[in-house]
Amino acid sequence: MDGKMTYSIEIQQSSLWDKLKDKRAPLSFNIEVTARCNNACRHCYINLPEDDSAAKELELRVAEIGDIAEQAVKLGAMWCLITGGEPLIRPDFPEIYLMLKRKGLLVSLFTNATMVNQGHVELFKKYPPWDVEVTVYGITRETYERVTRKLGSFDMFMNGLNMLMNNGVRVRLKSMAIRSNLAEHGAIAEFCRKLTKDNYRFDPQIHMRYDGDPMRNSEINAERLIPQEVVALERAGEKRMKSIQQNCSTLINNKFTHKECDHLFHCGAGNWIFNVGYDGKFRLCSSLCQANTVYDLRKGKLTDAWFNFSPSVLDMRSHRKEYLETCRRCPIVNLCLWCPAHAHLETGALDGTTPYFCQVAHARADSLISRKQLGDPYY
Amino acid sequence: METNITHDTICTPSDDVVARKIEGEIVIVPLVSGIGDADDEFYTLNETGQAIWQKLDGQRTLKAVASDLASEFSSPKAELENDVLGFVCELTRMGMLVAKR
């Protein structure tokens with residue numbers, strides 16, 4: 001018998017991790033409890049109007065979410081992210097949250113914070129979330145509401161964020177760098193870093209909508225930054241750039257290992273994480289919505305989706321010459337937003353190619369190479 | 001209220017935690033704030049801790065738990081009684097176990 005018998009540790013340090021790390025097991029899952037949102041952000045890939053009755057009708061009921069979560073827990077899931085849409089739009093959010101917590105899951109929440117009320121704060125104080133991640137679209141009313149297209153949303157956001165922060169809820173902040181808030185990007189980063197000790201992160205690239213709505217997709221396109229702007233933002237963030245540089249050998253790989261392979265999927269999709277749409281559709285990652293790659297959990301079981309369906313998706317191949325001779329063997333694909341899921345959202349095909357992604361990836365590669373040539377000490 | 005834990009105490013897992021078995025290991029996830037040393041952690045038990053935890057069914061005294069373990073582990077009973085008591089005191093302090101009496 002030894003001394004201390006209880007260990008509070010990071011999972012990577014535990015013997016449990018040694019057992020799990022080489023297994024294909026669904027350790028984590030994201031559940032979109034709604035696609036509806038009280039905001040109407042220009043760049044959003046999913047949001048539907050708050051009063052969209054058809055979308056509401058399709059949403060998983062609490063019992064259905066509980067059933068899926070129970071199946072996930074039996075397969076070893078430890079983390080669950082509640083996302084949307086805006087999850088707090090559902091009046092039964094507290095019931096969903098507590099039900100997931102009671103299953104022994106470490107529960108995170110993505111929210112815009114505009115609908116946070118005293119009830120939510122009391123819930124989070126008593127039953128703490130793993131974390132709450134809030135997106136900051138702007139730090140002035142003008143910018144914030146230019147993005148959200150909802151009058152009054154900035155005050156609601158600030159009020160909700162303050163309620164969370166003032167009550168000790170663990171909050172992480174993030175932002176999207178888009179055309180409508182680009183001028184404020186530096187100030188947003190400063191605001192976020194000042195408020196939270198955890199690393200602030202931003203995403204300078206946005207992808208198209210899950211529903212393929214052409215009008216909304218054209219709005220997203222208008223919000224995209226040009227490749228030089230993306231690179232300039234990344235270069236300005238020392239930590240981010242350093243991380244990219246440290247992984248440069250894997251990001252720029254002239255001996256790309258799978259170049260003779262015609263498989264579509266070479267990412268980590270379907271290894272440890274899965275996604276459940278608001279309508280109960282199982283997806284290997286949040287962006288993978290192509291009809292042949294989704295599984296209806298209202299008609300089948302998670303074990304079937306994970307162990308039978310997912311491997312068949314991961315085995316999908318391409319015979320398109322254009323893809324096989326470009327993205328498939330591209331040495332800088334790891335600097336690119338390209339993946340089968342995003343290709344489908346952009347082009348309608350899992351093996352489609354996207355010039356915009358290509359331009360951004362090449363701008364990133366040029367930046368890395370030129371910094372090396374200039375003798376950048378971080379390189 | 002502080003409970004005096006003795007060999008005659010009967011303990012049970014607290015409703016404020018969820019204990020799960022993953023890959024043969026017991027993982028304890030705090031449900032409410034104030035459990036353990038931090039809000040954002042989960043806990044694993046070593047082999048001895050797992051053996052003890054599984055016997056804390058709210059029926060047996062700690063002495064009886066130690067007695068059961070002594071026959072399973074072929075360890076001296078007195079040593080096990082101290083291990084069980086130490087374990088239960090630690091987890092009760094952390095809010096993961098509650099003493100029934």
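Numbers at a glance
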| read-out | value |
| --- | --- |
| Those trypsin sites (Lys or Arg not before Pro) in the range A:56-133 that DSSP places in a loop and that have at most 12 other beta carbons within 10 Å | A:Arg61 |
| Cα-centred dipole magnitude for the range A:26-76, charges only on beta-carbon of K, R (+1) and D, E (-1), debye, nearest 20 | 180 |
| DSSP H segments from chain A that extend 20 Å or more along their own axis, Cα-based, with Kyte-Doolittle mean of 1.6 or above | none |
| Alpha carbon centroid spacing (whole Å) that separates the range A:37-66 from the range B:43-98 | 48 |
| Relative packing of peptides A:315-326, A:39-50, A:287-298 - highest average C-beta neighbours within 10 Å first | A:39-50, A:287-298, A:315-326 |
| Two-site label geometry, A:Arg102 and A:Lys239: point separation in nm, points 7 Å out along Cα→Cβ | 3.7 |
| Proximal lysines relative to A:Lys150, as straight alpha-carbon distance under 24 Å, when same-chain residues fewer than 8 apart are discounted | A:Lys56, A:Lys174 |
| Eligible lysines near A:Lys74 by straight Cα distance, threshold 25 Å, same-chain separation 8 or greater | A:Lys19, A:Lys21, A:Lys23, A:Lys101, A:Lys103, A:Lys281, A:Lys299, A:Lys301, B:Lys21, B:Lys55 |
| Using θ = phi - 60° and Karplus 6.51 cos²θ - 1.76 cosθ + 1.60, couplings along the range B:16-31 (whole Hz; Gly, Pro as x) | 8, 10, 10, 9, 10, 9, 10, 6, x, 10, 8, 10, 10, 10, x, 8 |
| Two-site label geometry, A:Arg61 and B:Val32: point separation in nm, points 7 Å out along Cα→Cβ | 3.1 |
| Peptide ranges A:142-155, A:191-204, B:68-81 listed from the most packed, as the mean C-beta count within 10 angstrom indicates | A:142-155, A:191-204, B:68-81 |
| Accessible area expressed per residue, the range A:1-159, with surrounding protein chains retained (probe 1.4 Å, Å²) | 40 |
| Calculated P(r) of the range A:71-120 - Cα pairs past 14 Å, % | 52 |
| The protein assembly as shown, helix-only ellipticity at 222 nm - DSSP H runs n ≥ 4, -39,500 (n - 2.57), divided by all residues, nearest 500 | -11000 deg cm²/dmol |
| Positive dipole terminus of chain A, leading residue within A:Leu233, A:Asn162, A:Phe357 (C-beta point charges) | A:Leu233 |
| A:His362-B:Asp15 FRET efficiency (beta carbon distance; Förster radius 56 Å; 0.05 resolution) | 0.45 |
| Shielding score for B:18-30, defined as the mean number of other chain Cβ atoms within 10 Å | 5 |
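The values are calculated or read from the model by the stated rules, or taken from the named source; none is laboratory data. Not measured: the values here are computed from a predicted model. Please note: Cβ atoms are built from the backbone with ideal geometry, for glycine as well, and neighbour counts cover all protein chains shown. Quick note on the areas: whole protein, heavy atoms, side chains included, nothing else; ligands and nucleic acids left out. Shrake-Rupley method; radii C 1.70, N 1.55, O 1.52, S 1.80 Å.
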